[in-house]
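Data first, discussion second: the structure below is written as structure tokens.
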Amino acid sequence: MKHSKLLTVCTITAILASCGTTEPEGLGGAAEVTLALTTDGSHNFNVKSQAEETLPEIDDFTVEIFKKADGKRLYRDTYANSTDKKIRLNAGDYKLLAFHGDSLKAGFNAAFYQAKVPFSINASDRSVTVTGTAKLANVKVAVNYGTDLKEFYKEFTSSVSTDKKNVKDTLKFTSTEERAGFIPAGNLSFRLYAKIDGKWKVYKPQAIACAPNDFITFNVNASPFEGKLTIGVKIDNSTDTMEKEFTVDATDVATEAPEI
């Protein structure tokens, strides 16, 4: 009888111990990790954003910690809920990921900010602070229509798409659009749709390779007296200029547009 009671007590103790283990593997280590994040609205080449209001509040970011060896996610929460926490981790290599927005979305309110910070914890560490700065992780895009284009083509519009996988959205710029939009990085394709002799035509210059945090402006204009249409592409920056100009006969604006 005594052996039976002892077995029962041991079984209950084992069940309670297993039920109380709720932390993912890797948490509960000897080192206390604290997070310190900031945001930066500048673009590549140190260009300051023209729309600082797009910067989200840092407290609204989602933070995740991954184990480098197997990519297993050990921690996930908002930054607001993480600032006062001491996240306990074992010695090893990790990656902090902080983000705000949808990485695969394109639109005028689709800025995606992200910080990726690899860090390591040594066996002797007891307190570690991981710092990171989140920047724009997709591409900011603007379209500037020239005066001659507006005179030469009474009806026109344009679009910008990316070749990044799983992105279905397209940025569409009407003839009066002055806002900048956001789209995932990759090879960006610009399309100008213009109504010529009662029919919509589409002009397709070659794609432009863009990196995360680029700010690219498509300058579109026409030379009516020469019968030319020019598309100027400029990636804005303060120290270097990356431009590409396209010129095409206005009568050769590619093919009929499938839809507007």
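Some values worked out for this structure:
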{"quantity": "Highest average packing first - 190-202, 118-130, 82-94, Cβ atoms within 10 Å", "calculated": "190-202, 82-94, 118-130"}
{"quantity": "When the convex hull of its Cα atoms is projected in every direction, mean area for the stretch 128-167 (nm²)", "calculated": "5.5"}
{"quantity": "Accessible area in the full protein assembly, largest first, 1.4 Å probe, for GLU151, GLU177, GLU32, GLU64", "calculated": "GLU151, GLU32, GLU177, GLU64"}
{"quantity": "For VAL167, net neighbour charge (Lys/Arg +1, Asp/Glu -1) across residues whose Cβ lies under 12 Å away", "calculated": "+1"}
{"quantity": "Additional length obtainable on full extension of the chain from SER42 to SER127, 0.36 nm per residue less Cα span", "calculated": "27.5 nm"}
{"quantity": "Net lengthening on full extension, LYS154/ALA80 (0.36 nm per residue, minus Cα-Cα)", "calculated": "21.6 nm"}
{"quantity": "Estimated distance in nm for a label pair at ALA91 and LEU27, the labels positioned 7 Å out from Cα along Cα-to-Cβ", "calculated": "2.3"}
{"quantity": "The stretch 53-145 - Kirkwood radius from inverse mean 1/r over Cα pairs (Å)", "calculated": "14.8"}
{"quantity": "Heavy-atom accessible area order for HIS100, HIS43, largest first, 1.4 Å probe", "calculated": "HIS100, HIS43"}
{"quantity": "Ratio Rg/Rh [Cα only; Rh per Kirkwood] for the stretch 85-198", "calculated": "1.24"}
{"quantity": "Segment ILE58-ALA209, extension gain: residue separation times 0.36 nm, minus the distance between their alpha carbons", "calculated": "51.4 nm"}
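The values are calculated or read from the model by the stated rules, or taken from the named source; none is laboratory data. What you see is a predicted model; the values in this text were computed from it and never measured. Glycine also receives a Cβ, built like all others from the backbone with ideal geometry; neighbour counts cover every protein chain displayed. For accessibility, only protein heavy atoms count, side chains too; no ligands or nucleic acids. Shrake-Rupley method; radii C 1.70, N 1.55, O 1.52, S 1.80 Å.
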